[in-house]
Amino acid sequence: DVQLQAFGGGLVQPGGSLRLSCAASGFALDDYGIGWFRQAPGKEREGVSYINVGRKFYANSVKGRFTISRDNAKNTVYLQMNSLKPEDTAIYYCARSGRLIFSEWRAPPNYANWGQGTQFTVSS
């Protein structure tokens, strides 16, 4: 059974840092791509970052501040977030992709399996 769960959210001050985790089970992480998405109230779900073997992509809004990584031994994908801004506030999700065209990594329909979201808030 394929399962993913995002965790590590909470409340952080502007300019601070935090790392989110996506724990995967039921499949070999090394064989699939994993995307991080976020959704704020009243807004559409937005692709934040993506990783597979040898590839990483970032949304322009987070490039230079966020870093995606993976630990195959722990079957976990991480999202390190630095220089946080209030507009980063959202529920964050991780998801597993099937085969996709890399230019379409931001599109939620390309991800068949979604984890439970974790709320992340940036506020003073």
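The values are calculated or read from the model by the stated rules, or taken from the named source; none is laboratory data. Values in this document were obtained by computation on a predicted structure and should not be read as measured data. Backbone-built Cβ (ideal geometry, glycine too); neighbour counts: all protein chains shown. Please note that ligands, DNA and RNA were not included when accessible areas were found on the heavy atoms of the full protein model with its side chains. Shrake-Rupley method; radii C 1.70, N 1.55, O 1.52, S 1.80 Å.
Summary table below
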| quantity | calculated |
| --- | --- |
| Rounded accessible area of Glu104 (nearest 10 Å², 1.4 Å probe) | 90 |
| Accessible heavy-atom area order of Tyr50, Tyr32, highest first, probe of 1.4 Å | Tyr32, Tyr50 |
| Interchain or long-range residues, amide H under 5 Å from Thr89's placed H | Val122 |
| Unit charges on C-beta of K, R, D, E only; dipole of segment 59-103, Debye | 180 |
| Of Ser49, Phe37, Gly15, farthest towards positive along the dipole that unit charges on Lys, Arg, Asp, Glu beta carbons give the chain | Gly15 |
| Residue order for Asp71, Asp30, Asp88 - accessible surface, 1.4 angstrom probe, largest first | Asp30, Asp71, Asp88 |
| Estimated dipole of the chain in Debye, rounded to 20 [Cβ of Lys and Arg +1, of Asp and Glu -1, Cα centre] | 240 |
| Per-residue SASA entry for Lys85, accessible area with 1.4 Å probe, Å² rounded to 10 | 80 |
